[in-house]
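Chemist: Dropping a structure here in structure tokens format, bear with me for questions.
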Amino acid sequence: MTFTPRVLTDVPGKELRWLGKLGPGWIADGEHRFTIEQIRPGASA
């Protein structure tokens, strides 16, 4: 099996979004996203 992700959005410090395709066709495709948001000034997780 080959995993071939394609980056859809790359905004440093804000968002990373990609589409992962596993194998032939669309059956195991998945879109993934990390969004970075400040929850309150000075807060860290």
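Chemist: Out of (i) 25, 18, 14; (ii) 46, 16, 14; (iii) 37, 20, 17, which label holds the value of Cα extents along the principal axes in Å that was computed here?
Modeler: From the options (i) 25, 18, 14; (ii) 46, 16, 14; (iii) 37, 20, 17, the structure gives (ii).
Chemist: Okay, next question. What nm distance separates the two modelled labels at Trp18 and Ile39, each placed 7 Å from Cα along Cα→Cβ?
Modeler: It works out to 2.6 nm between the two label points.
Chemist: Taking amide H positions as placed 1.01 Å from N in the peptide plane, with prolines and chain starts having none, which residues 5 or more places from Leu8, or on another chain, fall under 5 Å of its amide H?
Modeler: Answer set, sorted by chain and number: Arg17, Trp18, Leu19.
Read-outs: derived from the displayed coordinates by stated rules, not from any lab. Because the structure is predicted, anything quoted here is derived from the model rather than measured. Here Cβ is always computed from backbone atoms with ideal geometry, including for glycine, and neighbour counts include all displayed protein chains.
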